[in-house]
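Each reported figure results from applying straightforward, stated rules to the coordinates on display, with no laboratory input. No experiment lies behind these values; they were computed from the predicted model shown. Don't worry about glycine lacking a Cβ; one is built from the backbone with ideal geometry, like all the others, and counts go over all protein chains shown.
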């Protein structure tokens, strides 16, 4: 196993952990907030952070040398991944149950695996079919939810999930020639422009002057976490198959529930314990025990290298 692949796996695991924290924190931050405006302000803040990072590590010359086709690719990533799905997802969640929306979103790895095999020619090992069954069962147990029928809100969440699946495939392709920071900037920065256009025509931007100090605090907290998410995700995705990376992200759900158990006193049920076990087993099969062992063994070296 190459050193870059090991580092990529480590970073994607970091993304899953950040995702678990992000969902928990956003459940507080979005309260009393226009969700579209909340998404826009977080995204534009992350875009500014990324610009600062690009300048800080002296990648700005690369940004200036981008060709028209590169900007077009970044614009597509911003539209498909950084704007439309956010609008669909938040609207869908307002029309369906949290359990239904969460389950549909967690099926994204299925679409990513199929798209990666067709368009990126990623090899699908036979064990991945067993992995997929374990992951679906794990989510059913974990969310204590069995879908019976689909409503309009469910269809909107499904559409958002499909958009994000497509964006991951496009981003993986873009990472062959573009740096992770620039791809992340395309998603968050250009995506923010599309959301701003939507808010302008729907009157959502007019609420910005009425935001309280507490609102802005949540925006900065959530934005900082989202910045950590996109930087680790796209950097890890550069070296790891997108299908494997998407599977690892499923670890975010147990982390969110664990935080709710610790800080809110919510029960961690037997069903969730079984679901967590199935998710861990499925992810272990998808990655491979040898890869996990090598990643854990090299983790101290990776942490030390990232500090120097």
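The table below lists the values:
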item: Gain in span if fully extended, residue 271 to residue 217, counting 0.36 nm per residue against the direct Cα distance; result: 15.9 nm
item: Cα centroid separation, the range 41-76 to the range 192-242 (Å); result: 15
item: Residue order, fewest to most beta carbons within 10 Å, for 215, 271; result: 271, 215
item: FRET efficiency, 1/(1 + (r/R0)^6) with R0 41 Å, evaluated for residue 95 and residue 206 via beta carbons; result: 0.95
item: Cβ-derived FRET efficiency at R0 35 Å, residue 155 paired with residue 69, nearest 0.05; result: 0.55
item: Residue-averaged [θ]222 nm for the chain, counting only DSSP H segments that reach four residues, each worth -39500 (n - 2.57); result: -25500 deg cm²/dmol
item: Computed over the chain: relative contact order in percent, which uses C-alpha pairs under 8 Å that are six or more apart; result: 41
item: Relative contact order, percent, the range 27-145 [alpha-carbon distance under 8 Å, six or more residues apart]; result: 26
item: The chain: most fluctuating residue of 25, 170, 262 per GNM, C-alpha cutoff 10 Å; result: 262
item: Cβ-derived FRET efficiency at R0 25 Å, residue 17 paired with residue 59, nearest 0.05; result: 0.45
item: Potential extension, residue 114-residue 177 segment - 0.36 nm per residue separation minus Cα distance; result: 20.4 nm
